[in-house]
Structures are given as structure tokens and as C-alpha cells.
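**Q** Before I ask anything, here is the structure I am working with.
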Amino acid sequence: MNTTTVTTEVVLPGKVEASDLLIRTRALPAPTAGQAVLRMDATGVSFAEQQMRRGKYYDQPPFPFVPGYDVVGTVTAVGPEVDARMIGRRYAAVVKVGGWASHLLIDAADLVPIPDSVTSAAAETVVVNGITAWQMLHRTAAVPSGATIVVLGANGGVGSTLVQLARHAGIKVIGTASPSHHETIRALGAIPVDYRDPDMYRRIREIAPDGVDAVFDHVGGAGLAQSWALVRKGGTLVSYGTAATKDEDGNSQLPVLKSFARLLVWNYLPNGKSAHFYNFWAGRRRLSTFRNRLSEDLVQVLRLLADGVLAPQIAAQFPLADAAKALALAESRTVAGKVVITA
């Protein structure tokens, strides 16, 4: 017997303040072939939602929509052609939008199983953040053991995960953050540098006078050239965001396109260095390959979490009804790790 699933959703109605998010309830359609109903156990606030609130995220849907880039939850129903044994089991998925909901319809092929020993909130910290960090470190830059890297925003969700993955791989890490987070960064095994220091890049050069093997830069903007200058011959710059332009008005795609064009030019200069713009969704046109790669990488990260190699960086937890408070806290830049939203 089919029962109707009622979902509670947090809606971003337009370019509004965090306090102006809306909450609605609606009946979910029954899952069709290949779909499952996922009851949200944990979702969270990534930098993407902070940009979406301002209409500044590349390729975001038109308002209004339900934000929520990734989700961890329990399957409660499945459609035709989906293994019924999935019901009652926990999975993670990256959805780009829609995660800030008590229940959501999702393609079962996008679900990755969660180890029993890992809590949903802990798993949530390494879904999009863990995949991003793993792929940038091991696929895009292919940083070897013994190398030295710079992680901008080492206290953030992606940054703190990237630091831990790098240290586990035997890589020296220089991490930028405000002084209030330096102790946390040291505890993760990185050398902290104050990102507010006007001589930040000079300070990094003092630590690594011969340059570094990779820089992971989510800031973009004018500082991108200085990140590029830190990279030694044979090294790599990985740009994966445009935080510097988050609060600026204008076209949401322009900052990304500017960064991409600049990196393209640098990449073809005969200096032995490489520059990349990391795009989480690259390759999705070959959907089966994309899903397999995403699942493979997330399984690796979840295994490290289950084994205690990665420590979940949970900044705070809020119930879904307080998503506005969760977003405001994440935007305050006062926390380390990921702000998690729970059912």
C-alpha cells in the first residue's frame, strides 16, 4: 500500500536576507522508475548556498527553489526497478539543490551507502566537501607524498578536509585562516598563516622559499595571480571558487568565466606550471562515468572517516526549522568546519 509522503522544505524565494527563507510543506509524488524517497537525516550549509542567496552561484536555478547541495538520509520508499533492500538503509548524495527538506525524491543511482559506524552528521561534513577535496588533491593536482601545498581557507568545510587528506598522504600543508582558527589548523597538522595579514603571501614564501607544489584557491579575484606566483615549476594551481566577488552585484557567471580565462592563459605559458579550474560537475554528460567516479571517491573518504583518519569538522548543528540561523552562522565567517542541518 502506497502512502503519501509529506515533505517540509526550506525555500529561497529570491535575493533575500538569510532571515527571509520560507518554510513550506507539500506532498511528494510517488517515486517513479529508478527513484527513491530519502528521509533527510543531515544536510548542511556549503559556500554554494551562501552564493545562491545573493544570486551569485554559477548556473543556479531561477528563484524560488529549495537549496541544499548535499544530503545524508534513510531510504523510506523506492520506485520500480530499484532494489527494495535499500529501504531502511542510509545513503549520501550530492544534489546541488533540494537538500534542505525533510524528504526528497532522488535517483537511486546517485546514492552512496554510509558505513554503519559513521553518524549522519559526521558523514554530512565530507559529502560534497570530501569529494571536492579528494578530487582536487588526488585527481586534479595529483600531489605526491613529500610535497608542500597551500590551502586558502583551511578552516572551512572543504579546506579542513583538504588539510586532513593531505596530511594523511604525507604532504606538508600551509593553511590560511583568521588567527582565531590557528589552533584548530595546527591540530589538523597544518602551518597557519593569517589571511588578513597584508603580507600573507610574503609570509608563505618565508615558509616555502622555493615555492610550493600546489595552491588550492577558493577566493579568486585579484589574489589569484599571487597564488599562481607561489607555485614552483612542475606545480599546480587549483582554483575552485570566486569568494572574493561573493558580495559584488552583477552577473553570477562573469567572475567564474574571468578566472577560467586567466587560468587558461597561464596554463599555456611555457613555465612548466599548470593551472586548473575545478568544477565538481565536470563530466556529467557521461553520467555513468561521472557517478562511478563520484561514488568511488566518496567511498574512499567515508572509509577514512570510519577509520578515524578524518575527524568530522562540525561547526554547529541546527534543526531544519532553523535553517536561516544555520545559514547566518555559516556566513558569519566565525566558525571552523561545516554547519550541519538535521531533521
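**Q** Among the complete DSSP H segments of the chain, which ones combine at least 24 Å of alpha-carbon extent along their axis with a mean Kyte-Doolittle hydropathy of -1.0 or more?
**A** Helices passing the filter in the chain: 287-306.
**Q** What does the C-alpha gyration tensor say about the overall shape of the stretch 187-323? Classify as rounded when a/c is under 1.5, otherwise prolate if a/b is larger than b/c, or oblate.
**A** The shape class here is rounded.
**Q** Let me ask something additional. Determine which lysines satisfy two conditions relative to LYS273: a Cα distance under 21 Å, and not lying fewer than 8 residues away in the same chain.
**A** Hits, sequence-local ones excluded: LYS172, LYS233, LYS258.
**Q** Using a 1.4 Å probe on the protein heavy atoms, what percent of the accessible area of the stretch 273-343 belongs to carbon and sulfur?
**A** Ligands and nucleic acids excluded, carbon and sulfur give 49 percent.
**Q** Which one of LEU263, PHE216, GLY146 is farthest out on the positive end of the charge dipole of the stretch 134-269, using unit charges on Cβ (Lys, Arg +1; Asp, Glu -1) and the Cα centre as origin?
**A** GLY146
**Q** Per residue, how many Å² of accessible area does the stretch 129-277 show with a 1.4 Å probe?
**A** The answer is 43 Å² per residue.
**Q** Counting only C-alpha contacts under 8 Å and six or more residues apart, can you give the relative contact order of the stretch 225-343 as a whole percent?
**A** 19 percent
**Q** Let me check against my output: what whole-number percent is the relative contact order of the stretch 129-277, with C-alpha pairs under 8 Å and at least 6 apart?
**A** Relative CO of the stretch 129-277 lands at 19 percent.
**Q** Run lengths n ≥ 4 of DSSP H only: what is the helix-derived mean residue ellipticity at 222 nm for the chain, with -39500 (n - 2.57) per run over all residues, to the nearest 500?
**A** Helix contribution divided over all residues of the chain: -8000 deg cm²/dmol.
**Q** Using +1 on the beta carbon of Lys and Arg, -1 on that of Asp and Glu, and nothing else charged, what's the dipole of the stretch 129-277 about the Cα centre, debye to 20?
**A** 420 debye
**Q** Related question: Among LEU304, TRP281, GLY337, pick out the residue whose Cα is farthest towards the positive end of the charge dipole of the stretch 267-343, where Lys and Arg carry +1 and Asp and Glu carry -1 on C-beta, about the Cα centre.
**A** Working it through, the farthest residue towards the positive pole turns out to be TRP281.
**Q** Ok, one more. Tell me, in nm to one decimal, what length is gained between GLN300 and LYS258 on full extension, where the rule is 0.36 nm per residue of separation less the Cα-Cα distance?
**A** 11.8 nm
**Q** Continuing with the same structure: Rank-order 203-212, 316-325 by packing density, defined as the average count of other C-beta atoms within 10 Å over each peptide's residues, highest first.
**A** Per-residue mean Cβ counts within 10 Å order the peptides as 316-325, 203-212.
**Q** Please report, in debye to the nearest 20, how large the charge dipole of the chain is about its Cα centre when each Lys and Arg carries +1 at its beta carbon and each Asp and Glu carries -1 there.
**A** Approximately 620 debye in magnitude.
**Q** Where in the stretch 278-309 is the amide nitrogen less than 14 Å from a point lying 7 Å along the Cα-to-Cβ axis of ALA109?
**A** Backbone N within reach: 284-295.
**Q** Please give every one of the lysines within straight-line cross-link reach of LYS325, meaning a C-alpha to C-alpha distance under 30 Å, and leave out same-chain neighbours fewer than 8 residues apart.
**A** LYS15, LYS56, LYS96, LYS246, LYS338
The values are calculated or read from the model by the stated rules, or taken from the named source; none is laboratory data. Please read these numbers as outputs of a predicted model, since none were measured by experiment. Methodologically, a virtual Cβ is constructed for each residue, glycine included, from the backbone with ideal geometry; neighbour enumeration extends over all protein chains shown. The area values use the complete protein model at the heavy-atom level, side chains included, leaving out ligands, DNA and RNA. Shrake-Rupley method; radii C 1.70, N 1.55, O 1.52, S 1.80 Å.
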